[in-house]
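Structure record follows, encoded as structure tokens.
The values are calculated or read from the model by the stated rules, or taken from the named source; none is laboratory data. This is a predicted model, so every value here is computed, not measured. Backbone-built Cβ (ideal geometry, glycine too); neighbour counts: all protein chains shown. With ligands, DNA and RNA removed, areas are computed over all heavy atoms of the protein, side chains included. Shrake-Rupley method; radii C 1.70, N 1.55, O 1.52, S 1.80 Å.
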Number of protein chains: 2
Amino acid sequence: MSVDVDVRGISIGILGGTGDQGKGLARRFALAGNPVLIGSRSEERAREAAAGIGGSVRGAGNQTVAAEADVVIVAIPWEGHRATLESLRAELTGKIVIDCVNPLGFDKQGAYALPVEEGSAAQQAAAVLPDSRVVAAFHHVSAVLLLDPEVAEVDLDVLVLGDDREATDTVQALAGRIPGVRGVYGGRLRNAHQVEALTANLISVNRRYKAHAGFRVTDV
Amino acid sequence: MSVDVDVRGISIGILGGTGDQGKGLARRFALAGNPVLIGSRSEERAREAAAGIGGSVRGAGNQTVAAEADVVIVAIPWEGHRATLESLRAELTGKIVIDCVNPLGFDKQGAYALPVEEGSAAQQAAAVLPDSRVVAAFHHVSAVLLLDPEVAEVDLDVLVLGDDREATDTVQALAGRIPGVRGVYGGRLRNAHQVEALTANLISVNRRYKAHAGFRVTDV
């Protein structure tokens, strides 16, 4: 599991960082000591969200965040996924881009996976950002647990998928910055769809058991 | 997790029971004390496989197994999935049918999910068997661990999916017959695809970490 990558000084930008998942990740990475930049279409909302989290978290527009951060997490709603990434192609060139977007629909029976032309949100990101190093990760983290000050450790393995070994190693190490969390390599990007879609199953599990469920990988 | 269903006396038929996954499940259910019937297109091969497992396991043709067993597990290769189930529609009427088939392709880069017209193998089973109660489960069990006499407990949660509560409760209870295993409700049948496809990711995990990986659901 453990990967030999030092990610302590890496700055982390979070596009769509004003949503619950983005804020939760920002909070945990800031607690771990990494510089964190929250991005939003609205610079003002980004600053408000950053102030709400506190610590060293700063807020800025998505474009500034994409340009300044070492590693960029995509936590935007699925609806704006393609357009937002297309607009940031230049800023994201050469960078590790971590896609944690789950394309899901909801109806009376709960959540279900939406079809994605490219196969998955992560593959769409890779198609739109051919000069970035796209990694899929952080799909199953519970925003509730990440944001809860009573939760010291999060009982979860983060599946990390990608085709660039150095990039997946880096993201595994980043996942390990959150107490309790392990980053586990989970396959190539072409197998990202089912990891994204599995969030629908977690939502079913949470409803049935009134839980904030996650997954652990056994025997690794 | 625990479901109030007594499945001790239930007889379990396993179509395609001469494959490793079928044999592994047969072995564990027989050890748990359930009557087990292994099915194959060839009655002779089914009898040989049953004799190889020992205990009270019996072998027969798929048709006999489908007709006689209380609950039927579908562990046949994906290639013959639709045709085999179509040929057993009458025998499977009214029964709980547990589909554990993973439609996967393989190439130099490893395993990947195959597209399925109905969405998933389990949904195809439900479409072909409208008068059966189809449940998806046992996708991620390692045949190696199930067959290993040194492995007393299997460190794994079995995700159980289906639209019939009584049927999913029964299958959860059956999963719990294998020492170490919990049966966890994992959503409706329409969310079975990602659970089947996730087996491709487990294969990647196993390659990277030289493991027999599975999943545990946290916080339930």
Note to self: Taking the alpha-carbon distance from B:Lys210 and a cut-off under 14 Å, which aspartates and glutamates remain once sequence neighbours fewer than 8 residues away in the same chain are dropped?
What the structure shows: A:Asp219
Notebook entry, point to check: Taking each residue of B:159-168 in turn, how many C-beta atoms of other protein chains fall within 10 Å of its C-beta, and what is the average?
Noted result: 1
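What does the charge count near B:Ala111 come to, summing +1 for each Lys or Arg and -1 for each Asp or Glu among other residues with Cβ under 14 Å from its Cβ? Don't skip to the end; give the middle numbers.
Details: positive: A:Arg188, A:Arg190, B:Lys108, B:Arg207, B:Arg208; negative: B:Asp107, B:Glu196.
Net local charge, B:Ala111 excluded: +3.
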Margin query: Suppose we flag trypsin sites (Lys or Arg not before Pro) only when DSSP calls them loop and at most 14 other Cβ atoms lie within 10 Å. Which is the longest uninterrupted stretch of chain B?
Written below: B:109-209
Notebook entry, point to check: Using a basic spin-label model with each label point 7 Å from the Cα along Cα→Cβ, how many nm lie between A:Ala32 and B:Glu166?
Noted result: 4.9
Next item on the list: Starting from the Cα of B:Lys95, draw a straight line to each of the lysines and keep only those under 29 Å, dropping any in the same chain fewer than 8 residues away.
Entry: A:Lys108, B:Lys23
Margin query: So if I restrict to the alpha-carbon atoms in the stretch A:54-193, what is the Rg, and what is Dmax, the biggest pairwise distance, in Å?
Written below: 15.1, 42
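Can you check what the net charge comes to around A:Ala50, using other residues whose Cβ is under 14 Å from the Cβ of A:Ala50 (Lys, Arg +1; Asp, Glu -1)? Can you show the working numbers first?
Values: positive: A:Lys23, A:Arg27, A:Arg45, A:Arg47, A:Arg58; negative: A:Glu43, A:Glu44, A:Glu48, A:Glu68.
Net charge in that neighbourhood comes out at +1.
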Check: Quick one: accessible area per residue over the protein assembly as shown, 1.4 Å probe, rounded to a whole number of Å²?
Finding: 40
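For the stretch A:83-220, what is the charge dipole size about the Cα centre, in debye to the nearest 20, if Lys and Arg each add +1 at the Cβ and Asp and Glu each add -1 at the Cβ? Working shown, then result.
Numbers: 13 positive and 18 negative charges, 69 e Å.
About 320 debye.
Where Lys and Arg each count +1 and Asp and Glu each count -1, what net charge lies around A:Asn201 among other residues with Cβ under 13 Å from its Cβ? Write down the numbers at each step before the final one.
On the way: positive: A:Arg207, A:Arg208, B:Arg188, B:Arg190; negative: A:Glu196, B:Asp157, B:Glu196.
Charge balance near A:Asn201 sits at +1.
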Next item on the list: Sort shortest first the distances from A:Lys210 to its counterpart in every other copy, using label points 7 Å along the Cα-to-beta-carbon line, and give them in nm.
Entry: 4.6
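Before anything else, pin down the relative contact order of chain A: Cα pairs under 8 Å, at least 6 apart, normalised by residue count, whole percent.
Details: 489 pairs, mean separation 42.7, N = 220.
The value is 19 percent.
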Next item on the list: Rounded to the nearest 100 Å², what's the accessible area chains A and B bury against each other, both chains counted, probe 1.4 Å?
Entry: 3500
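Could you work out the helix-only [θ] at 222 nm for the protein assembly as shown, with each DSSP H run of four or more residues adding -39,500 (n - 2.57) and the total divided by the number of residues, to the nearest 500 deg cm²/dmol?
Numbers: 18 runs with 165 residues, N = 440.
Value at 222 nm, helices only, nearest 500: -10500 deg cm²/dmol.
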Check: Placing a label point 7 Å from Cα toward Cβ, how far apart in nm is B:Pro179 from its equivalents in the other copies, listed shortest first to one decimal?
Finding: 3.6
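Within chain B, what is the longest stretch that has no GluC sites (Glu not before Pro) placed in a DSSP loop and near at most 14 other beta-carbon atoms within 10 Å? Please report the intermediate quantities before stating the final value.
On the way: sites that count: B:Glu117, B:Glu150, B:Glu153.
In chain B, the maximal stretch lacking such sites is B:1-116.
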